[in-house]
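Notes follow the structure.
The values are calculated or read from the model by the stated rules, or taken from the named source; none is laboratory data. Small disclaimer: the values here were computed from a predicted structure and weren't measured. Every residue, glycine as well, gets a Cβ built from its backbone with ideal geometry; the counts of neighbours run over all protein chains shown.
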């Protein structure tokens, strides 16, 4: 890793500096487009007390679910967490705190966090339990609530291809939250299926420009399918 | 006879117009895609970041990087686009989706909807439902008219925590198609062979029964 070359040689180096009680932003939707090796490295590091921001929390034994096994997550900020028995148990035991956030609000909180916008008004959640304790305001006869942005100490991202400069493209719907968390991490780490030579990626097709990215690493991925559904 | 799930989907599909962008929720709403009328082309939006959702894949097409909002493997149709979750909800929140179809536990006569949380039971999260109901102008809620115990789901006031307030104007149940206006349900259509008395008895919220209630046909 030197200058504009963001490549690192090992997963240990990719997550160097990650310590207890930090906030980690993770890309992915269900098990699609999750940074599975970076999650594995967090497990190996054994850091605890983490606040994890991700749309979901994996499943038992895969994805972010593995960080529950050694109780590394203290607080989860997510929109839907229904796929995980261990999550349920730790929540009911009071070992885990959860902040349920509407999916679009979660996406926008991350986008805003990365874009230097501290908070924004949205109609989503007005008049519901999500609005409790939040400022409400009327614009043009509609009601909105104030939602603060989210940033994190680390962002962990799964891309398809990246060049040395950390320009990233995503594959199909594995994009999801990845480009958003990539903008909102103090240190953004991207793992990809392939690192290519600078110039190979069309500049007009870059999803995440390298300015957001601090470290990139090439990995191999299981890409587990959560609900395999075939045409009859 | 109460409508089957397939008939409910068929009835909703009659609301589709050529050129519509449509978001279909999980369950009965998903079935609507099977009944798009001939000569009409619609683009299905899946809130994980896909506009132009196609059929489920064959074994050969199966791709872990290609899923819908229900986390099922899907394909993209010709003319599809793929984008981030923020872009996806900009479309939804910004009112660009022409029709949203979703399920609910309860709807009330003020257009409030409860669909994500039953106190005392485990709370799994609202996913994108709150954004969908807050952002869309044209929403159809699909649900059974009453619970298995016969309790009405069309109420004066929702009893469960809300997903959104004042946002629902159309409800299709297994017994009837109703609109919501000015603090009332208005009965527009009844399922084939279902009498108005049954609908009245199973609607707890204030209900207006006009003279010209249509009997649905399939």
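Would segment A:135-148 turn up any residue that is more than 12 Å from every other protein chain (Cβ to nearest Cβ), in a loop (DSSP other than H, G, I, E, B) and under 18 Å from the mean Cα position of the chain (by Cα)?
Applying the first criterion (more than 12 Å from every other protein chain (Cβ to nearest Cβ)) to segment A:135-148 yields A:135, A:137-140, A:146, A:148.
Now narrow it down to the ones that are in a loop (DSSP other than H, G, I, E, B): A:135, A:140.
Still in the running and under 18 Å from the mean Cα position of the chain (by Cα): none.
Within segment A:135-148 (the criterion being more than 12 Å from every other protein chain (Cβ to nearest Cβ), in a loop (DSSP other than H, G, I, E, B) and under 18 Å from the mean Cα position of the chain (by Cα)), the answer is no, since none of the residues qualifies.
Need the failing condition index for residue B:143 against (1) more than 16 Å from residue B:186 (Cα to Cα); (2) within 14 Å of chain A (Cβ to nearest Cβ), just the number.
Every condition holds for residue B:143 apart from (2).
Here are some conditions: (1) buried (at least 17 other Cβ atoms within 10 Å of the Cβ); (2) in contact (Cβ under 8 Å) with a residue 60 or more places away in the chain; (3) within 12 Å of chain A (Cβ to nearest Cβ). Residue B:29 meets all but one. Which one does it not meet?
In the conditions (1) buried (at least 17 other Cβ atoms within 10 Å of the Cβ); (2) in contact (Cβ under 8 Å) with a residue 60 or more places away in the chain; (3) within 12 Å of chain A (Cβ to nearest Cβ), residue B:29 misses (3) alone.
I need a count of the residues in segment A:76-120 that are more than 10 Å from chain B (Cβ to nearest Cβ), over 16 Å from residue A:151 (Cα atoms) and without any contact (Cβ under 8 Å) to a residue 24 or more places away in the chain.
5
Is one or more of the residues making up segment A:151-167 part of a loop (DSSP other than H, G, I, E, B), in contact (Cβ under 8 Å) with a residue 12 or more places away in the chain, within 13 Å of chain B (Cβ to nearest Cβ) and within 23 Å of residue B:127 (Cβ to Cβ)?
Taking segment A:151-167 first, the residues part of a loop (DSSP other than H, G, I, E, B) are A:151, A:159-160, A:164-167.
Subset that is in contact (Cβ under 8 Å) with a residue 12 or more places away in the chain: A:151, A:159-160, A:164-167.
If we keep only those that are within 13 Å of chain B (Cβ to nearest Cβ) as well, we get A:159-160.
Within this subset, residues satisfying the condition of being within 23 Å of residue B:127 (Cβ to Cβ) are none.
No, every residue in segment A:151-167 fails to be part of a loop (DSSP other than H, G, I, E, B), in contact (Cβ under 8 Å) with a residue 12 or more places away in the chain, within 13 Å of chain B (Cβ to nearest Cβ) and within 23 Å of residue B:127 (Cβ to Cβ).
Just checking, does segment A:121-128 include any residue being more than 8 Å from every other protein chain (Cβ to nearest Cβ) and either surrounded by fewer than 20 Cβ atoms within 10 Å (Cβ to Cβ) or in contact with a strand residue (DSSP E or B) (Cβ under 7 Å, 6 or more places away or on another chain) (or both)?
Of the residues in segment A:121-128, the ones more than 8 Å from every other protein chain (Cβ to nearest Cβ) are A:121.
This time we only want the ones that are either surrounded by fewer than 20 Cβ atoms within 10 Å (Cβ to Cβ) or in contact with a strand residue (DSSP E or B) (Cβ under 7 Å, 6 or more places away or on another chain) (or both), so: A:121.
Yes, because at least one residue in segment A:121-128 is more than 8 Å from every other protein chain (Cβ to nearest Cβ) and either surrounded by fewer than 20 Cβ atoms within 10 Å (Cβ to Cβ) or in contact with a strand residue (DSSP E or B) (Cβ under 7 Å, 6 or more places away or on another chain) (or both).
Go through segment A:27-100 and tell me which helices (runs of 4 or more DSSP H), entirely inside it, have 3 or more residues that are under 12 Å from the mean Cα position of the chain (by Cα). Quick ask: steps written out before the conclusion?
Details: elements: A:36-45, A:66-69, A:85-93.
Output list reads A:36-45.
For the structure I just gave you, tell me whether residue B:150 is loosely packed, with under 14 Cβ neighbours inside 10 Å, in contact (Cβ under 8 Å) with a residue 12 or more places away in the chain and under 28 Å from residue B:121 (Cα atoms). Talk me through it step by step, then tell me what you get.
Working: loosely packed, with under 14 Cβ neighbours inside 10 Å: yes; in contact (Cβ under 8 Å) with a residue 12 or more places away in the chain: yes; under 28 Å from residue B:121 (Cα atoms): yes.
For residue B:150, the condition - loosely packed, with under 14 Cβ neighbours inside 10 Å, in contact (Cβ under 8 Å) with a residue 12 or more places away in the chain and under 28 Å from residue B:121 (Cα atoms) - is met.
Look through segment B:111-133, keep the residues that are within 13 Å of residue B:171 (Cβ to Cβ) and either in a loop (DSSP other than H, G, I, E, B) or free of Cβ contacts under 8 Å to residues at least 12 places away in the same chain (or both), and return whichever of them is nearest to the chain's Cα centre (by Cα).
Among those that are within 13 Å of residue B:171 (Cβ to Cβ) and either in a loop (DSSP other than H, G, I, E, B) or free of Cβ contacts under 8 Å to residues at least 12 places away in the same chain (or both), it is B:115.
Kindly indicate the residue of segment B:1-35 that is in a loop (DSSP other than H, G, I, E, B) and at pLDDT below 95 and also farthest from residue B:143 (Cα to Cα) among those meeting that condition. Show your work before the answer.
Filtering segment B:1-35 down to residues in a loop (DSSP other than H, G, I, E, B) leaves B:1-4, B:14-20, B:25-27.
Still in the list and also at pLDDT below 95: B:1, B:25-27.
Values: B:1: 16, B:25: 12, B:26: 12, B:27: 10 Å.
The residue in question is B:1.
Does segment A:168-180 hold any residues that are in a helix (DSSP H, G or I) and touching a helix residue (DSSP H, G or I) at 6+ places or on another chain (Cβ under 6 Å), and which are they? If you could, list the steps in order and put the result at the bottom.
Taking segment A:168-180 and keeping what is in a helix (DSSP H, G or I), we get A:172-174, A:178-180.
Correct list: A:180 only.
Name the single residue that is farthest from the other protein chains (Cβ to nearest Cβ) among those in segment A:168-181 being touching a strand residue (DSSP E or B) at 6+ places or on another chain (Cβ under 7 Å) and surrounded by fewer than 24 Cβ atoms within 10 Å (Cβ to Cβ).
Start the filter on segment A:168-181 by keeping residues that are touching a strand residue (DSSP E or B) at 6+ places or on another chain (Cβ under 7 Å), which leaves A:168-169, A:172-179, A:181.
In the following step, the residues that additionally are surrounded by fewer than 24 Cβ atoms within 10 Å (Cβ to Cβ) were identified as A:169, A:172.
On the way: A:169: 11, A:172: 4 Å.
Among those that are touching a strand residue (DSSP E or B) at 6+ places or on another chain (Cβ under 7 Å) and surrounded by fewer than 24 Cβ atoms within 10 Å (Cβ to Cβ), it is A:169.
Of the residues B:149, B:174, which is more than 15 Å from the chain's Cα centre (by Cα), in a loop (DSSP other than H, G, I, E, B) and within 22 Å of residue B:4 (Cα to Cα)? Spell out how you get there, then give the answer.
Numbers: B:174 fails: more than 15 Å from the chain's Cα centre (by Cα).
From the options B:149, B:174, the qualifying one is B:149.
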